[in-house]
Amino acid sequence: MRQLVVDLRAEWEVPDDKFGALNAEFNAIARNVQAMCRFPIIPGIGVLNATALVAAIGTAESFSPARNLGACLELVPKQHSTAGKIRLLGITKRGNTY
């Protein structure tokens, strides 16, 4: 029984070591990429989330109004416009409704 517990503990330490190595790698990437330098200072966004956000949106230059970036991340209601008439869809506490 004692050997089984020792083996299980050794297995649990392996992911922790891998996580530490990956975290150090993400920190090194965040220091070198200009677009990622700004995100980790925002509360709630760490290096891992900043990496995913930059991978998804890049430098965000393709979003002319900032609202389009929020709609892409599903933080604001989607917008459907036709013939100059702007229609905003609803949003709930669970997120956008389609």
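For region 60-81, enumerate the residues that are of a type outside the set (A, V, I, L, M) and at pLDDT 75 or above.
61, 62, 63, 64, 65, 67, 68, 70, 72, listed by residue number.
When you scan region 9-27, how many residues do you find that are of a type in the set (Lys, Arg) and either modelled with pLDDT under 80 or open to solvent by less than 100 Å² (accessible area, probe 1.4 Å) (or both)?
Going through region 9-27 one residue at a time, the tally reaches 0.
Here's the yes/no breakdown for (1) among the charged types (D, E, K, R); (2) open to solvent by less than 60 Å² (accessible area, probe 1.4 Å); (3) over 30 Å from residue 86 (Cα atoms); (4) not in a helix (DSSP H, G or I):
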residue	(1), (2), (3), (4)
7	yes, no, yes, no
29	no, no, yes, no
40	no, yes, yes, no
48	no, no, yes, no
61	yes, no, no, yes
64	no, no, no, yes
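Could you check how many residues of region 1-57 are more than 17 Å from residue 73 (Cβ to Cβ), under 15 Å from the mean Cα position of the chain (by Cα) and small (Gly, Ala, Ser)?
So the count comes out to 1.
Return the residue satisfying two criteria in turn: it lies in region 50-59 and is exposed (fewer than 14 other Cβ atoms within 10 Å of the Cβ) and under 30 Å from residue 87 (Cβ atoms), and of such residues it is modelled with the lowest pLDDT.
59
Cβ-Cβ below 9 Å, separation at least six or inter-chain, first residue in region 29-56 and over 20 Å from residue 68 (Cβ atoms), second open to solvent by less than 80 Å² (accessible area, probe 1.4 Å) and among the hydroxyl-bearing types (Ser, Thr, Tyr): which pairs?
Partner pairs satisfying both residue conditions: 29/51; 30/51; 33/51; 36/51.
The values are calculated or read from the model by the stated rules, or taken from the named source; none is laboratory data. Note that the structure is a prediction, hence the values are computed from the model and not measured. Virtual Cβ from ideal backbone geometry, glycine too; neighbours counted across all protein chains shown. Calculation scope for accessible area: heavy atoms of the full protein, side chains included, ligands and nucleic acids excluded. Shrake-Rupley method; radii C 1.70, N 1.55, O 1.52, S 1.80 Å.
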